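Beneath this line is the structure, given in structure tokens, with notes to follow.
Bear in mind these aren't lab numbers, they're just calculated from the coordinates by the rules spelled out. Because the structure is a prediction, the values reported are computed rather than measured. Don't worry about glycine lacking a Cβ; one is built from the backbone with ideal geometry, like all the others, and counts go over all protein chains shown.
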Amino acid sequence: MSRQASGLRAWALQRISAAYLGLYLIYMLGHLSFNAPESFEAWRTYVADPGVSIGMLLFVVALLIHAWVGIRDVLIDYVHPIMARVTLLSLFAIGFVGCGLWFAKAIFLASVAA
Amino acid sequence: MTTKNRPVYLDLKQFRFPIAAIMSVGHRASGVLMILAIPFLAYILDLSLAGPDGFAAVKTILDSLFIKLVLFVVLWAMLHHLLAGIRFLLIDFHMGVEKEIATKSAQAVMVAAPVLAVLIGLIL
């Protein structure tokens, strides 16, 4: 991932993911402000809608790509001892993959149960 | 390596930090803060979809004053990151590169982010 997420590719990935994240966040803030789910059933039905599920999964992918490129830049700038840098990068990478699976599990189960 | 013997002068108190630099540091700091919030978001989404009990538990968690304060800071970070990001994107496309405009837009980001955070926080 590190080699794929460097240079021009990382620069482009960061901006493309940023555009999706920004648009989705504005939509989500609007949705939660004016259309907040009142009950569990309403919330689950909303998330189970294929358009919403896929939009959420795309958000998670974009979020984790964006977070990875960002934290990688920060760690390369400020953490110079190579072992500390590699350890921290690994911890974040594992954490991101773990969180991604956690999000995916929650979104998939909502679709299956509904 | 002779380069290792070069004198380094990095006394942060001696540097001048223009508003654009402070705003830019805020962009990084807010990004790192939001990364730390990712596991919490995964936890809340999973719990809210686990069943009626989980959904009720999430409502209780989100109603606590401490969590509300933390979420307000995260909301502020998010809006700062979003607005500063839009500004950086425009500068990528050669819009607002001039020093005067860049200073003005940096000031606008610094002010608009907390103001919007309060407004949205009141609605939510």
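Note on B:11-21: average number of Cβ atoms from other chains within 10 Å of each residue's Cβ is 0. Peptide A:24-35 has a mean shielding of 2, counted as Cβ atoms of other protein chains within 10 Å of each residue's Cβ. With the helix formula -39500 (n - 2.57) applied to DSSP H stretches of n ≥ 4, chain B reaches a computed 222 nm mean residue ellipticity of -27000 deg cm²/dmol. Dividing the helix sum by the residues of chain A, where each DSSP H run of 4 or more adds -39500 (n - 2.57), gives a mean residue ellipticity at 222 nm of -30500 deg cm²/dmol. Note on chain A: GNM, Cα springs under 10 Å; of A:M28, A:M56, A:M83, the largest mean-square fluctuation is that of A:M83.
Basic side chains Lys and Arg get +1 at the Cβ, acidic Asp and Glu get -1 at the Cβ, and with that the dipole of chain B about its Cα centre reaches some 560 debye.
In terms of its alpha-carbon gyration tensor, the protein assembly as shown comes out prolate; a/c meets the 1.5 threshold, and the first ratio a/b outweighs b/c. Structure remark: mean-square fluctuation, Gaussian network model of chain A, C-alpha springs under 10 Å; the largest value among A:G70, A:G100, A:G30 belongs to A:G30. Note on chain B: GNM, Cα springs under 10 Å; of B:D46, B:D11, B:D63, the largest mean-square fluctuation is that of B:D11. Sorting the segments B:81-91, B:106-116 by their mean number of nearby beta carbons within 10 angstrom, highest to lowest, gives B:81-91, B:106-116. Within segment B:44-88, the proportion of Cα pairs with more than 16 Å between them is 53 percent. Taking every residue in B:38-50 and counting other chain Cβ atoms within 10 Å of its Cβ, the average works out to 6.
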